[in-house]
Each structure stands twice: as C-alpha cells, then as structure tokens.
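The values are calculated or read from the model by the stated rules, or taken from the named source; none is laboratory data. The model shown is predicted, which means the values in this text are computed figures rather than measured ones. Every residue, glycine among them, receives a Cβ derived from its backbone with ideal geometry; neighbour counts consider all protein chains shown.
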Amino acid sequence: MRIRPVIALVAAATVLLAGCTTAGTPHASSSAVSAGPRVPLADLDILADPHAYEGPSTALLADAQVSAPATPPAQTLPATITSHDLAGDTSVTVTSTERILAMDISGSIAATVFGLGFGGSVVGRDISTTFPGTEDLPVITSSGHTVNSEAILALRPTVLITDGSVGPVDVVLQLRDAGVAVVFVDTEPSVAGVGDLAVQVATALGAPAAGQSLADDLEAGIQAKVAEIAAIVPQGQPLRMLFLYLRGTSGIYYLFGEESGADVLIRSLGGIDVAAEIGLNGMRPMTDEAMVAANPDLILVMTDGIASVGGVDGLLESKPAIALTSAGQHRRFVDMADGEILAFGPRTADVLDALARAVYAPGQ
C-alpha cells in the first residue's frame, strides 16, 4: 500500500508548501512556449545540443482545460469501497455523489473527478486545483495545504475523496464522524498511477467502468507521448535534470528526489535524474554541497517559485552554489505553473508535451 510513504512525504511538504497561496508574477526573462494549437514534437526545430542552450524557458499547456464527457457516466449507488486511511483498510459506503469534494496536494484528484464527467457535482476545491472551470469554487484548504474543517462542513459534502496529502489527516478522518463519506485513495505520483487513480476515484463515485475506460485512454496517451519525446531527445546527450522547489518569501529551497513525482517527470522527458544519483529520496532542504555534487544541466522549477526569488538572476545572485552548476552557468531553467507541473492526472500527457517543448525546442 502506497499511501503511507505519500503521507510521510507530504507531512514535510505541507510545512514547506504553506506559502503557496500567494501567486507570483512569472519572470519576464523566460522564453515562453506559446499556448495554442500544437504541431507534433517531431516537426519542431529541436536543439542539436540541448546542453549548449542559454537562458530560461517556460512550459505552457496548449489547453489547460480538463477534457470531460458531455454527460456524467452511469452510476450504481450505494457504492462500498475500501478506503486506505491511517487506521488501515476501512470499508466506506458512498450513498450520494450530489456534492463532491476532492483534495490533494497537486490537484490530481479533482482533475480526475472532472475528467470522469462529475465536475458539475464538485462544490469546493483545494488551492492546487486551478484549471478552468474551478475558479469560482470555494477553497477548502487554508494556510497552504491545511484542511479547514469548518469550510468543508459548510459545503455539506456527501463524499470527500483524498489521498492523505492534505491534512492533518486525523482532522480529515473526523469528518466521518460528522457524517461525510470520506474515501482515501491509494495514490502514486507516476505514469502508472494516473490510470490507477482514475479507477479508484470512479469506483468511489459508483462508476468503475468509466474509470477503467478513462484509465485506458490516459495510459495510452501518456505512453504515446513518452515515446514521442524519446524520439526527439538527441542521441547520447541526455540532460542531467533536477527539480528545485522555491519559496523565496519564506526562505525555502528544497530538492525533490525519488518518489516525489519529479523523478518520473525527468525520466519521461528523457533526462537523467541527478537526485537519484546522489541518493536523494523525497524532499530535502537544498544544501550547497548537494547542489554542487548534483551539477545539473537543467533545473525544473514552478513558475511562482522562480518569481518569488526574483527570477533566474535573483536566484543565482542569492545562491552562488547554483550559479556554479552547469544549469546556473547557462541560466538553464524550465518553469511551469505550480498547479500543473506535478499534477499526475488527466493532463499528464499534455504536461509532458509542454515540458518537452520548453526543454528541447524553447521558444517554439
């Protein structure tokens, strides 16, 4: 069961992400990938030597909307499922999906609910759920990714789906005592986990067949995109990549390693995960020694994160160790919106596509 490492990982992340509620302004120096209709990756002018490219770039989705069927799928309720919470496997019966809440640290669960066609029944959102169609939903988390139980109960949800990454988890469990059907799904930030999440969420909503159908479509789309990316990566020249989480206003600089989701992104982009090379698991505070030892060619960041430190120039000035790396010397940073870059859900293939363009064909 994977929920326990996820909870352990995010227990630390909840603290470091507490400053996420204020959006920054994207740094003006980025060479942005224009949103809109996209040509295939193979038709782009791919960098002959991605190591030699100078300057930052921004990855943008062609369409941030979550694709969904015109009408919700058929349901069979009540639905009794196994919830993977801290107390172990617990049987939970969902009798109504009229008022749905879905929350996790990346917005992946809410995106999955929308992708299944149940977006019209969602009555609130976490701060990571920012895709079109959710703007007017009331926010149910406060202080970053902390549960506001009063805000949740005020929305009178009939079912709440989470993965334990938003908490405190014991507060979430208390909502069951208030009569809310609380379902913990067993998630993994990976390509394989995208389809599994679709099945689990759909099963909790009484539509397992729709979940399997969505899972099949998403997995096929992701596999095709990973193969498409592999075909454009210059042979024998994989980039050494590292994910750096930044919140300059709070003095937070974290490296994301194995089992953080960043490792999956990097490998899917045809890069070498240098965090794995230096034995970094989960999320760890950045040290000068670790950064110099990693010596990445390219650093992935969140858009608001890089803005919070004054852009690339501000980061390199405040952190000389980063300036010493190959990425620092070439100012090679790729940023993407906070609510998109680590969201493993229905838009995963599109996220990979946008990042690949920013890495291998910046400015196009």
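With the condition kept exactly as written, say whether any residue in the stretch 232-246 is at pLDDT below 95, out of contact with any strand residue (DSSP E or B) (no Cβ under 7 Å at 6 or more places or on another chain) and surrounded by 19 or more Cβ atoms within 10 Å (Cβ to Cβ). No: the stretch 232-246 contains no residue that is at pLDDT below 95, out of contact with any strand residue (DSSP E or B) (no Cβ under 7 Å at 6 or more places or on another chain) and surrounded by 19 or more Cβ atoms within 10 Å (Cβ to Cβ). Where strands (runs of 3 or more DSSP E) fall entirely within the stretch 57-169, those with at least 2 residues that are more than 29 Å from residue 301 (Cβ to Cβ) and in contact (Cβ under 8 Å) with a residue 12 or more places away in the chain are at 79-85, 88-94, 100-103, 159-162.
Listed by position, the strands (runs of 3 or more DSSP E) enclosed by the stretch 280-338 that each have at least 3 residues that are crowded, with 21+ Cβ neighbours inside 10 Å are 298-302, 333-336.
Go through 198, 209 for me and flag whichever is farther than 17 Å from residue 355 by Cα, in a helix (DSSP H, G or I) and out of contact with any Ser or Thr (no Cβ under 8 Å at 6 or more places or on another chain). If you could, list the steps in order and put the result at the bottom.
Values: 198 fails: out of contact with any Ser or Thr (no Cβ under 8 Å at 6 or more places or on another chain).
Residue meeting the stated conditions: 209.
Please indicate, with yes or no, whether at least one residue in the stretch 82-102 is in contact with a Lys or Arg (Cβ under 9 Å, 6 or more places away or on another chain) and closer than 30 Å to residue 38 by Cβ. Yes, that holds for at least one residue.
One line per residue, one yes/no per condition, for (1) surrounded by fewer than 20 Cβ atoms within 10 Å (Cβ to Cβ); (2) under 20 Å from residue 304 (Cβ atoms); (3) of a type outside the set (Asp, Glu):
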{"residue": "95", "(1), (2), (3)": "yes, no, yes"}
{"residue": "114", "(1), (2), (3)": "no, no, yes"}
{"residue": "145", "(1), (2), (3)": "no, yes, yes"}
{"residue": "151", "(1), (2), (3)": "yes, no, yes"}
{"residue": "154", "(1), (2), (3)": "yes, no, yes"}
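Scanning the stretch 170-180 for residues that are assigned to a loop (DSSP other than H, G, I, E, B) and crowded, with 18+ Cβ neighbours inside 10 Å yields a count of 1.
Residues that are crowded, with 21+ Cβ neighbours inside 10 Å, among the small types (Gly, Ala, Ser) and not in a helix (DSSP H, G or I) do occur in the stretch 264-277, at least one of them.
Please state which one of 166, 201, 183 is modelled with pLDDT of 95 or more, within 18 Å of the chain's Cα centre (by Cα) and surrounded by 22 or more Cβ atoms within 10 Å (Cβ to Cβ). Before you say what the answer is, go through the steps one by one.
Values: 166 fails: modelled with pLDDT of 95 or more; 183 fails: within 18 Å of the chain's Cα centre (by Cα).
None of the other options fit; the residue is 201.
In the set (1) closer than 30 Å to residue 184 by Cα; (2) of a type in the set (Gly, Ala, Ser); (3) modelled with pLDDT of 90 or more, residue 88 fails one condition alone, (3).
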